[in-house]
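*Asks:* One structure, pasted below without further comment.
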Amino acid sequence: MSKISNITKCPWCRSEFLNSTISNCSNCGGTLEYQKVINDIGPKPPLAPRDIPAKFIRRIKYTGNVYTMIGIIFTVPFFWTVIFPIIGIILWKKGLKEANEELIPLKDGIAVKGEITSIEFDRSKTINGKHPLEVTFSFNANGKTLTGQVGNIFDPINNIKQVGDGVWVVYMPEDPNLSSVWPPLK
Ligand SMILES: [Zn+2]
């Protein structure tokens, strides 16, 4: 089912490379080798703490984050009113909380093999008439099968992941609710 493309897209900063044989992105330094492996889980993530490219952090916290962007739109131009900034700051904080829940395990989590169990549109969020995808995955931690989600996916990286595909999951052992997919899906 997976599409084979000649273009490799950096999962961290979204730069595109044609038929690339380089293993690190020349724009952000992020690793690219996972993207060359089609229909395969790819090599295990490096040991924590991992370096997360700054461009990726900015996208997850701001430019690719629905709540943060709406929060800023409500807060900054309306700072002279009362009600809009209150709504805006609540959304802004919610956005940053979601971003941190994704960035913390990518940086410090333990890596285990997992599987994508569903890919659905998140109809609670809309930007320019488009809903983002939300990917649910399962993994084993402390002898239990757990699930996690990656949301806010407006433009999936390289379109290669399907339900049933294996992925590397990174999670925090002291709080397995903090989990994400390595490398990023968006
Ligand atoms: Zn990059």
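*Asks:* What nm distance separates the two modelled labels at residue 69 and residue 90, each placed 7 Å from Cα along Cα→Cβ?
*Replies:* Here the answer is 2.2 nm between the modelled labels.
*Asks:* Who wins for biggest fluctuation among 169, 150, 76 in a Gaussian network model of the chain, springs between alpha carbons below 10 Å?
*Replies:* Per the Cα network of the chain with a 10 Å cutoff, 76 tops the list.
*Asks:* Quick check on the chain: helices-only [θ] at 222 nm, where DSSP H runs of length 4 and up contribute -39,500 (n - 2.57) each and the sum goes over total residues. Nearest 500, please.
*Replies:* -7500 deg cm²/dmol
*Asks:* Testing the spin-label approximation: label points 7 Å from Cα along Cα→Cβ at residue 18 and residue 52. State their distance in nm.
*Replies:* 3.3 nm
*Asks:* For the chain, find the longest principal axis of its Cα atoms and tell me its angle to the long axis of helix 66-75, 0 to 90°, nearest 10.
*Replies:* 20 degrees
*Asks:* Identify all aspartates and glutamates with a Cα-Cα distance to residue 144 below 19 Å; exclude those on the same chain that are fewer than 8 residues away in sequence.
*Replies:* Those aspartates and glutamates meeting the cut-off are 115, 174, 175.
*Asks:* Would you work out which of 65, 146, 77 lies farthest towards the positive end of the dipole of segment 40-186? Charges go on Cβ: Lys and Arg +1, Asp and Glu -1.
*Replies:* Sorting the options by dipole projection puts first 77.
*Asks:* Helix 83-108: angle to the longest alpha-carbon principal axis of the chain, degrees 0 to 90, nearest 10?
*Replies:* 20 degrees
*Asks:* Once the Cβ-Cβ distance between residue 27 and residue 83 is put in as r, and R0 is 41 Å, what FRET efficiency do you end up with, to the nearest 0.05?
*Replies:* 0.50
*Asks:* Plugging the Kirkwood radius over Cα pairs into Stokes-Einstein for the chain, at a temperature of 20 °C and a viscosity of 1.002 mPa s, what D comes out in µm²/s?
*Replies:* 124 µm²/s
*Asks:* Now a separate question. Give the lysines reachable from residue 94 as a straight Cα distance under 22 Å; neighbours fewer than 8 places away on the same chain don't count.
*Replies:* By straight Cα distance, residue 94 reaches 55, 61, 107, 125, 130, 186.
*Asks:* Further, regarding this structure: For labels at residue 122 and residue 107 in the simple 7 Å Cα→Cβ model, what's the distance in nm?
*Replies:* My value for the distance between the label points is 2.0 nm.
Laboratory data are not the source of any read-out in this text; all were calculated from the coordinates shown. None of the values given here were measured: they were computed from a predicted structure. Reconstructed Cβ throughout: ideal geometry from the backbone, glycine too, with neighbour counts over all protein chains shown.
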